[in-house]
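Colleague: Quick one: the structure is below, questions incoming.
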């Protein structure tokens, strides 16, 4: 009986790399909700505050393979949600971190999950992207993403099981490093205007982080039935016209006349010679000029449906987390009940 209990417990133990980040923290919370035990790697467990309750924080560096291998002992799922801070030396950090997680998956026999993006697709890939669409990245970050996916495909040939879930631009509670936060709703409170980064008629794809985390968790629940190397597109919220996201912000704020203005790209170009992040923003600008929609039919065929929070509800929750909107009495009561 004890051995059976131990095997069951092991099947429900996950290691999250990057659990203090946007996707990692949401994935950890979703896994906990589904009854998983969650372990998370951090360089300084003593400095952790907030985040999902009930996580086992272990000391280690995501760049050091032996630390990740040690943290992965006994787990059957590894969620690799680590992203390098800022934009300097992105490849020099992202690739070694993934290689460390691959080593941990190999040693533990765990399934390795990588939340992916659309960055690995150039303007020639659209307008609808399937799991098999050709990848011709035109940016440095896109090239790194292609390399990361290639590393997982190669590792699968030697026994490392992996899963990639691609998604669009993030938004949601605590998604601080995103176009939604740093572009559309950045500025004074109350907002004086909404700067929109692209032509208003061009479609754009968004991923509400709690829905993406729920999707990853549901796939984790059936991962033993999936091929050793599998890939899915998360459809999320497709906006056509793309400016619909700005209109959703207006509705959530109760400000239908709030001006929607052009994004100040001129300032980005002026600062680009001196600021790495600005150069990266210019490289990624094409994503606002061409429609790249993720085809999620494969995901739906496996899960039956894709987790999907209604747009206005998702935008409202995002604005509340950023301090742009106060929750209603009903929403506060719902939050207290959930706790």
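Values quoted throughout were computed directly from the atomic coordinates according to the rules given, and no laboratory measurement underlies them. Everything numeric in this text was worked out from a predicted model, so none of it was measured. Please note: Cβ atoms are built from the backbone with ideal geometry, for glycine as well, and neighbour counts cover all protein chains shown.
Colleague: Nearest 10 degrees is fine. How inclined is helix 329-338 to the longest principal axis of the chain, computing both from alpha carbons?
Modeller: 10
Colleague: Averaging sequence separations of C-alpha pairs under 8 Å and six or more residues apart, then dividing by the length of the chain, give the relative contact order as a whole percent. Walk me through the numbers on the way to the answer.
Modeller: Values: 623 pairs, mean separation 56.6, N = 339.
Contact order relative to length: 17 percent.
Colleague: For the stretch 47-184, rounded, prolate or oblate, judged on the Cα gyration tensor with a ≥ b ≥ c (square roots of eigenvalues), a/c < 1.5 rounded, else prolate if a/b > b/c?
Modeller: oblate
Colleague: Something else: What do you get for the angle between helix 90-108 and the principal long axis of the chain? Use alpha-carbon atoms, 0 to 90 degrees, nearest ten.
Modeller: Taking the Cα atoms of the chain, the angle to 90-108 is about 30 degrees.
Colleague: Could I ask something else about it? With axes computed from alpha carbons, what is the tilt in degrees of helix 244-253 against the longest principal axis of the chain, rounded to the nearest 10 within 0 to 90?
Modeller: Result, in degrees: 90.
Colleague: How far, in nm, would the chain grow between residue 189 and residue 70 when pulled straight, counting 0.36 nm per residue and subtracting the alpha carbon separation?
Modeller: 38.3 nm
Colleague: Can you tell which of 164, 260, 48 shows the greatest fluctuation in a Gaussian network model of the chain with Cα springs below 10 Å?
Modeller: 48
Colleague: For residue 48 and residue 89, FRET efficiency with R0 = 30 Å and r from the beta-carbon atoms, rounded to 0.05?
Modeller: 0.75
Colleague: Work out how much length residue 312 to residue 56 would gain on full extension: take 0.36 nm times their residue separation and subtract the Cα-Cα distance, in nm to one decimal.
Modeller: So the chain would gain 88.7 nm between residue 312 and residue 56.
Colleague: Right, another one. How big is the chain along each principal axis, measuring the range of its Cα positions in Å and listing the largest first?
Modeller: Principal extents (Cα only, largest first): 65, 48, 41 Å.
Colleague: Write down the percent of antiparallel bridges among all DSSP beta bridges whose residues are both part of the chain, to the nearest 5.
Modeller: Roughly 10 percent of the DSSP beta bridges within the chain come out antiparallel.
Colleague: Mean residue ellipticity at 222 nm from the helices of the chain, using -39,500 (n - 2.57) per DSSP H segment of n ≥ 4 over the full residue count, to the nearest 500 deg cm²/dmol?
Modeller: Value at 222 nm, helices only: -11500 deg cm²/dmol.
Colleague: Looking at the chain as a GNM with Cα springs under 10 Å, which of 95, 78, 23 has the largest mean-square fluctuation?
Modeller: So, out of 95, 78, 23, the one fluctuating most is 95.
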